[in-house]
Structures are given as structure tokens and as C-alpha cells.
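Trainee: Can you keep this structure in mind? I'll have questions shortly.
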Amino acid sequence: MRYLILTTLFFVSLFGLQAQQKNLSYTQKKFSASSIKSLDASTVGGSIRVEGTSGEASVDVILNPNGNKLLSGNGDLKSLFEKEYDLELGMKGGTLVAKVKRKSGRSGNNPLSVSYIIHVPTKVTSQVKTAGGSISMSNLTGDQNFATSGGSLTLTSLNGNINGRTSGGSITAKSSKGTIQISTSGGSITMEQLNGTIVAKTSGGSITGKQVVGKLDASTSGGSIKLENSEGDIQAATSGGSVTASLTKITNPVRLSTSAGSINLSLPKGGYDLDLSGNKVNIDNLQNFSGSTKRDKVKGSVNGGGHSVTATTSAGSVNLNWL
């Protein structure tokens, strides 16, 4: 019994120590918000969160131990960081700089994950990069460029020219407008309440969009595409799934295509030029139509014609319904 109690206490202490070592705020530095016009932030392995604020600007540098190595105290995390890494943190002209890199001559896996929590003025441009973590950008106006090789991207309340890339995670974009380009090689893309010119590309996941307004070019090589309550100039293409689009308004041509699934399209009643083809084409209550209708292809005008609607699939049906 005594052995059991001692063993239990040992593991409780061990896991408690590990929990204590989960992260350490290495430093927090504050800056005059009025002097910051741009942000340049990068880290070799960790997450970055950037938030626009009307208050004080600041950078919090957070350390996390990588792997299963058990460090004996907060001092070990700090000492290891100062031994292995160089930190640049300060102002260069109107640019807030936060950069971490391995010291010259150091090699091998990164022993620490170095993350940032950054607060800057809402009107700021940015260059943000991490080699091994997620990136979150919110409440910012201006040109935002950010990329990660091993994590997810989260965009919330951005306005401007936005360019976000990840090679190993998903992307979530909400309540943003402007020229938005988002791409991932290994995850899904979720969009909600976006307005502007939007390009969304993934090689390994699905794309979903709700209340997307403007010019949208969505493409994936390995998943489905689903758009709800969206409007504008819509292009959606996939090589490995279905396409579902419920469009409340069309302002320019609609082009939907898939090589390995069905297309389900819902449109408001009106005048259109249709070009639909698949194994089978189904149109609910087709009236005032002029053109050619076949089992696998429908081409012609509805209600005198209007914006063109093209839907093509090589291995499925095309289904058109009216809202």
C-alpha cells in the first residue's frame, strides 16, 4: 500500500511538473501604438496571434518545450531559449519587429516552440511567418501577408489585401472583406461572411462558404465544395467531390465543375443562359425555356436569357432547383 501511495505521488508530481512546464511567458514588451505602421514577425517554430486594438501595443513571447524532454524549472526554459535562439524585438522606424531564429551553428530539431501574442493598432500592414504553428489574425485593416508550413490559419474581421498560406493545416475566414487570397496544401477551407474578390484553393480538403458575396474562385483537388446564401461571380471546381451551391443573387457568370461527383445548384427565379452537362441533368419545373434538352445535356435560355450558368460533371448528375 505504501509503495502504491508513493508511486501515485511520484506520477502526480511528474505530471504536475510537466503541466507547469507547458509554457512560460519569457517577456512582454509594450510599445507606443501611434508609432506603429507595420508589423514584421517570424518564428522558427510556434504559433502567432495578431490582434488589432485601440489600446496599448504589445508583444508577449511565450516558450513551450518541444518533445518529451522534462525541464526542471522555468529557469531551464529561459536558459535554453537564450542558449539556442536569438530574439529581435523592437521598433525599426515605423515597423514593429518580432523575430526569433536559431543561433549560428545550432542545428537539429528545435528544442523549444516560440510563440507570440501581438497587439497592434487596427490600421497596420503585416508580414507574419512561422515554420511550425498556427496563425491567427483579427481586427486589422491594411495589407496582411502571413504564411505557415505546419499549422492552421484563422482570419477574423480583416479588411484590405489579404494573403494567407499554409502547407499543413485548415483555414477559417470570417467577417472579412477586400481582396482575399487563401490557400492550403493539406486542409479544408471554411468561409463565412466574406465580401470582395476571393480566391480559395486547397489540394487536400473541402471548401465551404456561407454568405460569400463578390467574385469567388474556389478550387480543390481532393474534396467537396458547398456554398450557401452566396452571391456574385462564382467559380467552383473540384477533381474529387460534389459541388453544392445555393446562390441568392447572380451578378456575373456562374461556372461549376467536378470530375468525380454531382452538382446541386439552387438559383433565384429569373433569366439565365444555361449550359448544363453530366450523366443526367435534372431541372425542377423548367418553363419559358428556349434551346435543347437531352438526358445528359441542357443548353438554352430561361425567361429570355441573362447571366450564363455553366455546370459540368464527368461522373455524376447536375440538379438545378429554383429558390
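What follows is calculated from the coordinates using simple rules that are stated; it is not laboratory data. In this text the structure is predicted, and so the values were computed from the model without any measurement. Positions of Cβ are generated from backbone atoms using ideal geometry, with glycine treated the same way; all protein chains shown enter the neighbour counts.
Trainee: Would you please put 26-38, 237-249 in order of how densely packed they are, using the mean number of other Cβ atoms within 10 angstrom per residue and starting with the highest? Mind showing how you got there, number by number?
Mentor: Numbers: 26-38: 14.2, 237-249: 19.2.
Highest mean packing first, the order is 237-249, 26-38.
Trainee: Would you work out which of Ser107, Val59, Gly46 lies farthest towards the positive end of the dipole of region 22-133, given +1 charges on the beta-carbon of Lys and Arg and -1 on that of Asp and Glu, about the Cα centre?
Mentor: Ser107
Trainee: Would you mind checking the radius of gyration and Dmax of region 94-172 based on alpha-carbon positions, in Å?
Mentor: Rg, Dmax (Cα atoms, Å): 13.6, 41.
Trainee: To the nearest 20 Debye, how big is the dipole of the chain about its Cα centre, given +1 on the beta carbon of each Lys and Arg and -1 on that of each Asp and Glu?
Mentor: On the way: 32 positive and 19 negative charges, 90 e Å.
Here the size comes out at about 440 debye.
Trainee: Another question about this same structure. In percent, how large is the relative contact order of the chain, given Cα pairs closer than 8 Å and 6 or more residues apart? Write down the numbers at each step before the final one.
Mentor: On the way: 960 pairs, mean separation 32.4, N = 323.
Rounded, it is 10 percent for the chain.
Trainee: Now for a separate question. Roughly how many whole Å is it from the C-alpha centroid of region 132-158 to that of region 39-59?
Mentor: Between the Cα centre of region 132-158 and that of region 39-59, the gap is 10 Å.
Trainee: D for the chain, whole µm²/s, Stokes-Einstein with Kirkwood Rh over alpha-carbon pairs at 10 °C and 1.306 mPa s: what number? Provide the component values of the computation, followed by the final result.
Mentor: On the way: Rh = 22.4 Å.
It comes out at roughly 71 µm²/s.
Trainee: Using Cα atoms only, what is the angle between the long axis of helix 2-20 and the major principal axis of the chain, expressed in degrees (0 to 90) to the nearest 10?
Mentor: Helix 2-20 sits roughly 70 degrees off the main axis of the chain.
Trainee: While we're looking at this one, here's another question. Arrange the peptides 102-108, 296-302, 274-280, 115-121 so that the one whose residues have, on average, the most other Cβ atoms within 10 Å appears first. Walk me through the numbers on the way to the answer.
Mentor: Values: 102-108: 8.7, 296-302: 17.3, 274-280: 19.3, 115-121: 21.6.
Final packing ranking: 115-121, 274-280, 296-302, 102-108.
Trainee: When the helix-only estimate is applied to the chain (DSSP H runs of n ≥ 4, each -39,500 (n - 2.57), divided by the residue count), what is the mean residue ellipticity at 222 nm, nearest 500 deg cm²/dmol? Walk me through the intermediate numbers first.
Mentor: Details: 2 runs with 30 residues, N = 323.
The helix-only estimate for the chain comes to -3000 deg cm²/dmol at 222 nm.
Trainee: Sticking with this structure for a sec: Using every pair of alpha-carbon atoms in region 22-133, split the distances into 5 Å bins beginning at 0 and state the percent of pairs per bin, rounded to integers.
Mentor: All Cα pairs, binned at 5 Å, distribute as 2, 12, 24, 23, 17, 11, 7, 3, 0 percent.
Trainee: Tell me, what does the Kirkwood hydrodynamic radius of region 170-265 come to in angstroms if you use every pair of distinct C-alpha atoms? Each step should come with its number before you reach the end.
Mentor: Numbers: mean 1/r = 0.0792 Å⁻¹.
When all Cα pairs of region 170-265 are included, the Kirkwood radius is 12.6 Å.
Trainee: Given an 8 Å cut-off on Cα distances and at least 6 residues of separation, report the relative contact order of region 22-133 as a percent. If you can, show how the numbers build up before the last one.
Mentor: Details: 238 pairs, mean separation 53.9, N = 112.
For region 22-133, the relative contact order is 48 percent.
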